[in-house]
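**Student:** Have a look at the structure that comes next, please.
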Amino acid sequence: MGNYRMGTPKKTASKKTTEKKAVSAKPGKSEKIHLLTQMIRIRQMEEKTYEMYTKEKIRGFLHLYDGEEAVAVGIIENLDKEDGIVSTYREHGHALIAGMSMNSIMAELYGKAEGCSGGRGGSMHLYDKKTNFFGGSAIVANGLPMAVGLAMAYKMQNRNSISCCFFGDGAVDEGEFHESMNLASLWNLPVLFVCENNFYSMGMPFELAQAETDLVKKANAYKIEGAAVDGMDVMAVYDASVKAINYIREQKKPWFLECQTYRFRAHSMFDPERYREKDEVKEWKKRDPITTFTSRLQEEGLLDEDELNEIKKRVAEEVEESVEFSEKGTDEPIENLTRFVYSDEPKTLNKSK
Amino acid sequence: MKELKQQKMTYRQAVREAMREAMIKDDRVFLMGEDVGLYGGCFNVSEGMLEEFGSERVIDTPLSESGFTGAGIGAAMGGMRPIVEIMTVNFSLLASDQIINTAAIQLYMSGGQFNVPLVIRMATGGGKQLAAQHSRSLEGWYAHIPGLKVLTPATVEDARGMLWPALEDPDPVLIFENTTLYNYEGYMPDNGSIVDISTAKVRRNGADVSIITYGIGLHKSLEAAGILAEEGIEAEVVDLRVLRPLDNETIFKSVSKTHRAVIVDEGWRSGGISAELSSRITEKLFYELDCPVERVCGAEVPAPYARHLEQASLPQPEKIAETIKQMGGLHG
Ligand SMILES: Cc1ncc(C[n+]2csc(CCOP(=O)(O)OP(=O)(O)O)c2C)c(N)n1
Ligand SMILES: [Mg+2]
């Protein structure tokens, strides 16, 4: 362990306020096609990780995001580069849309040195300093307090950044959810709380876990404004997040957004899915965020078959490349096993900007 | 000794001065915890700091140990240098998810991308008739966790000096302040002193036996050494200061010299830091030992309320001295 020094003490924790533009609620054709493309990128990446799991290239826990793409895309597309994102173990989609390369994600799932965490995190713990992606946590609700703290730092440094926290309906059962909501509200912190309500926490149905299933009411009880949206509709999520993010930046207060969604696949790769009917899954699949949005764009005359095929082809190439990249990846040397338990070199990472 | 250059103060004042100094030096530093502001700190440690630094830097939190400890982690990752105060180690169990599942492992899980420069201070220890839920010594238990650093200042100088290097450290540091020590008075070099947070220190030299201890145990061990000296036994007293990472070098050097080791810890013996120390000494110095390593630890009971019972459950100077007198090859 080296002897790191803070260096010259900072007398001013940066008073520079970066102007954040209010995000626009009126996406045009190219933005809409971009949203679709982003959802397709997640879906195709997830399908590939599923395939590679069955081929035993990827091991451990793997929680897929199929069906929930509209949430990550509808929200993260409206965030600023400087905004912090805190996520869960079901975070491949968030990481990708935050701007992490598919290569670094796939290589991490492969457990390779080229992965974002050098193979130390795996599927549930993707991190990226460059895009302010503060990781996936696999302890339910454990990311919420961190998001509160990031927002504290942003506020103390007079930055206009916000922190955005994704969590499942299961997190609402935990004390950390309630503590965090209260702290964020009490201290007027710029946090966007996004509950991805897919109506199950593993096999536990949402309505068997919560006495009050109206989550916005819970937020309101903490004096946090919020809304519930159709999380299968990317435009609905997009519009709701524009409103939420503008509110947070202007009012300097948290906002709660419940996105009602559904996971098409099992909870993880070890789930026999005894707790839900096949018909229920089938019904929800009719609301697939990708197929429904595709049809809408086609009906609006914004997308033709050729364009769609072109998008899918391009994404497939990106996915293939990420597999090749990971296949060619190297193993982190075992000599590095204990590296990063403690910092061994001066870090400027956390210096206030 | 240049008395002139020294200043007498309590351990409590030393901690307060350390915090004040840090907050004056660097405005990324702030203090957050239960009753640190208006109340002045549950042990009066932060008295006057709210008035001095204002409510944006001395933050009274609701009773949400997990929430505000996690918020400290986030703030540290976002560029601040928080001091989170958890009233006592007993309540830190409600924040243990954030300490162990988050703070300790962000750096590793992120492949070195995100360090957590957070300091968490908490009171520890028994002896005040507060019964089982308010008297634990769990610092050794936190010392089990890779990724954390665990400090146990036992002197006024360390109480004052350890905070700044802890804040400078890029990784999460836990500081355990024994409640009995808050009123303890000692001398402090005038300008504060620079101490490290990586080594153990010999607090009393002796040739016959090494007493290895920390925190409140240091003071009891020094008392025991006084008793033994009257009988012609010279005990060396090693103050660990840091429970993770342990300073093997200083420990081994002392035991190689005395050939006898006794470990004094208020914490429980089973699976505790005393077991780790005994094991390290035995592994490294087996052939140099004149007799088996001994341990004087807290009795394996939940802390009882009644004074005589509680005192019987804690290591006492007489018990330490007695244990040493029984050790092989020593004669009193
Ligand atoms: C504190 C904690 N308890 C239990 C678990 C085991 N577990 C992992 S995921 C999960 C369900 C969480 O459901 P939810 O928050 O709705 O997220 P989803 O998986 O539906 O995205 C459970 C119980 C855990 N990881 N952490
Ligand atoms: Mg769920």
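The values are calculated or read from the model by the stated rules, or taken from the named source; none is laboratory data. Treat the numbers as computed from the prediction; the structure is a model and nothing was measured. For neighbour counting, all protein chains shown are included, and Cβ atoms are generated from backbone atoms with ideal geometry for every residue, glycine included. Keep in mind that these areas ignore ligands, DNA and RNA; they rest on the heavy atoms of the full protein, side chains included. Shrake-Rupley method; radii C 1.70, N 1.55, O 1.52, S 1.80 Å.
**Student:** Among the charged types (D, E, K, R) and touching a residue at least 24 places away in the same chain (Cβ under 8 Å), is that true of residue A:32?
**Tutor:** yes
**Student:** For segment B:202-224, give me each residue that is surrounded by fewer than 24 Cβ atoms within 10 Å (Cβ to Cβ), more than 16 Å from the chain's Cα centre (by Cα), part of a helix (DSSP H, G or I) and in contact (Cβ under 8 Å) with a residue 60 or more places away in the chain.
**Tutor:** B:223
**Student:** For segment B:51-67, how many residues meet the condition of being within 18 Å of residue B:175 (Cα to Cα) and within 7 Å of chain A (Cβ to nearest Cβ)?
**Tutor:** Residues meeting the conditions: 1.
Results for (1) away from ligand 1 (no atom under 16 Å from the Cβ); (2) more than 21 Å from the chain's Cα centre (by Cα), shown as yes or no for each residue.
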residue: A:196; (1), (2): no, no
residue: A:202; (1), (2): no, no
residue: A:219; (1), (2): yes, no
residue: A:242; (1), (2): yes, no
residue: A:245; (1), (2): yes, no
residue: A:272; (1), (2): no, yes
residue: A:279; (1), (2): yes, yes
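**Student:** Another one. Tell me yes or no: at least one residue of segment B:236-244 is over 30 Å from residue B:112 (Cα atoms), touching a residue at least 40 places away in the same chain (Cβ under 8 Å) and open to solvent by less than 10 Å² (accessible area, probe 1.4 Å). Quick ask: steps written out before the conclusion?
**Tutor:** Residues of segment B:236-244 over 30 Å from residue B:112 (Cα atoms): B:236-239.
Next cut, touching a residue at least 40 places away in the same chain (Cβ under 8 Å) only: B:239.
Okay, now just the ones that are also open to solvent by less than 10 Å² (accessible area, probe 1.4 Å), so B:239.
Checked segment B:236-244: at least one residue is over 30 Å from residue B:112 (Cα atoms), touching a residue at least 40 places away in the same chain (Cβ under 8 Å) and open to solvent by less than 10 Å² (accessible area, probe 1.4 Å).
**Student:** Could you grab me the full set of residues in segment A:206-227 that are on the phi < 0 side of the Ramachandran plot, part of a loop (DSSP other than H, G, I, E, B) and either within 11 Å of ligand 2 (Cβ to nearest atom) or not hydroxyl-bearing (Ser, Thr, Tyr) (or both)?
**Tutor:** A:210, A:211, A:212, A:214, A:224
**Student:** Still on this structure: Can you find a residue that is more than 30 Å from residue A:114 (Cα to Cα), surrounded by 24 or more Cβ atoms within 10 Å (Cβ to Cβ) and hydroxyl-bearing (Ser, Thr, Tyr) anywhere in segment B:98-121?
**Tutor:** No, that holds for no residue.
**Student:** May I pose another question? Restricting to segment B:104-160, count the residues that are at pLDDT below 95 and either within 23 Å of residue A:132 (Cβ to Cβ) or among the hydroxyl-bearing types (Ser, Thr, Tyr) (or both).
**Tutor:** 1
**Student:** Tell me, which residue of segment A:77-101 that is away from chain B (no Cβ under 14 Å) and open to solvent by less than 10 Å² (accessible area, probe 1.4 Å) is farthest from ligand 1 (Cβ to nearest atom)? Talk me through it step by step, then tell me what you get.
**Tutor:** Taking segment A:77-101 first, the residues away from chain B (no Cβ under 14 Å) are A:77-81, A:90, A:92-94, A:96-97, A:99, A:101.
After this cut, where a residue has to be open to solvent by less than 10 Å² (accessible area, probe 1.4 Å) as well, the list is A:78, A:92-94, A:96.
On the way: A:78: 21, A:92: 12, A:93: 11, A:94: 11, A:96: 16 Å.
Filtering first and then ranking leaves A:78.
**Student:** Give me a count of the residues in segment A:187-205 that are outside any strand (DSSP E or B) and within 13 Å of ligand 2 (Cβ to nearest atom).
**Tutor:** Looking only at segment A:187-205, we keep the residues that are outside any strand (DSSP E or B), and these are A:187-190, A:198-199, A:202-203.
Next cut, within 13 Å of ligand 2 (Cβ to nearest atom) only: A:198-199, A:202-203.
So the count comes out to 4.
**Student:** Contact list please: Cβ distance under 7 Å, first residue in segment A:142-159 and facing chain B (nearest Cβ under 7 Å), second residue among the polar types (S, T, N, Q) and open to solvent by 10 Å² or more (accessible area, probe 1.4 Å), pairs at least six apart or on different chains.
**Tutor:** Listed by first residue and then by second, the contacts come to A:142/B:101; A:157/A:14; A:157/A:352.
**Student:** Could we say that residue B:84 is over 15 Å from residue A:145 (Cα atoms) and either out of contact with any His (no Cβ under 7 Å at 6 or more places or on another chain) or open to solvent by 20 Å² or more (accessible area, probe 1.4 Å) (or both) here?
**Tutor:** Numbers: over 15 Å from residue A:145 (Cα atoms): no; either out of contact with any His (no Cβ under 7 Å at 6 or more places or on another chain) or open to solvent by 20 Å² or more (accessible area, probe 1.4 Å) (or both): yes.
Taking the combined requirement at face value, the residue does not satisfy it.
**Student:** Next question. Please go through segment B:245-281 and give me each residue that is under 17 Å from residue B:138 (Cβ atoms), open to solvent by 10 Å² or more (accessible area, probe 1.4 Å) and of a type in the set (Ser, Thr, Tyr), ordered by number.
**Tutor:** Within segment B:245-281, just B:270 meets the criteria.
Conditions tested, residue by residue: (1) of a type outside the set (Gly, Ala, Ser); (2) more than 13 Å from every other protein chain (Cβ to nearest Cβ); (3) at positive phi.
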site: B:76; (1), (2), (3): no, no, no
site: B:101; (1), (2), (3): yes, no, no
site: B:104; (1), (2), (3): no, no, no
site: B:119; (1), (2), (3): yes, no, no
site: B:141; (1), (2), (3): yes, yes, no
site: B:146; (1), (2), (3): yes, no, no
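**Student:** Here's something else I'd like to know. Does residue A:329 satisfy being surrounded by 14 or more Cβ atoms within 10 Å (Cβ to Cβ) and either within 14 Å of another protein chain (Cβ to nearest Cβ) or without any contact (Cβ under 8 Å) to a residue 12 or more places away in the chain (or both)?
**Tutor:** Numbers: surrounded by 14 or more Cβ atoms within 10 Å (Cβ to Cβ): yes; either within 14 Å of another protein chain (Cβ to nearest Cβ) or without any contact (Cβ under 8 Å) to a residue 12 or more places away in the chain (or both): yes.
Taking the combined requirement at face value, the residue satisfies it.
**Student:** Considering only residues that are polar (S, T, N, Q) and more than 11 Å from residue B:70 (Cβ to Cβ), look in segment A:120-178 and name the one that is nearest to ligand 1 (Cβ to nearest atom). So that I can check it myself, show each step before the final result.
**Tutor:** The initial filter retains those residues of segment A:120-178 that are polar (S, T, N, Q), namely A:123, A:131-132, A:137, A:142, A:157-158, A:160-161, A:163.
Narrowing further to those that are more than 11 Å from residue B:70 (Cβ to Cβ): A:123, A:131-132, A:157-158, A:160-161, A:163.
Working: A:123: 12, A:131: 21, A:132: 22, A:157: 31, A:158: 34, A:160: 30, A:161: 26, A:163: 19 Å.
Taking the candidates together, the pick is A:123.
**Student:** Here's a follow-up. Which ones in segment A:179-194 are more than 15 Å from ligand 1 (Cβ to nearest atom), over 25 Å from residue A:263 (Cβ atoms) and not hydroxyl-bearing (Ser, Thr, Tyr)?
**Tutor:** The answer is A:182, A:183, A:184, A:186, A:187, A:188, A:189, A:190.
**Student:** Right, something else. Among the helices (runs of 4 or more DSSP H) contained in segment A:51-155, which hold 1 or more residues that are aliphatic (A, V, I, L, M) and over 13 Å from the mean Cα position of the chain (by Cα)? Lay out the reasoning, then the answer.
**Tutor:** Details: elements: A:69-76, A:92-98, A:102-109.
It comes to A:102-109.
**Student:** Taking residue A:225, is it within 14 Å of another protein chain (Cβ to nearest Cβ), at pLDDT 95 or above, surrounded by fewer than 20 Cβ atoms within 10 Å (Cβ to Cβ) and over 18 Å from the mean Cα position of the chain (by Cα)? First the steps, then the outcome.
**Tutor:** On the way: within 14 Å of another protein chain (Cβ to nearest Cβ): no; at pLDDT 95 or above: yes; surrounded by fewer than 20 Cβ atoms within 10 Å (Cβ to Cβ): yes; over 18 Å from the mean Cα position of the chain (by Cα): yes.
Answer is no for this residue.
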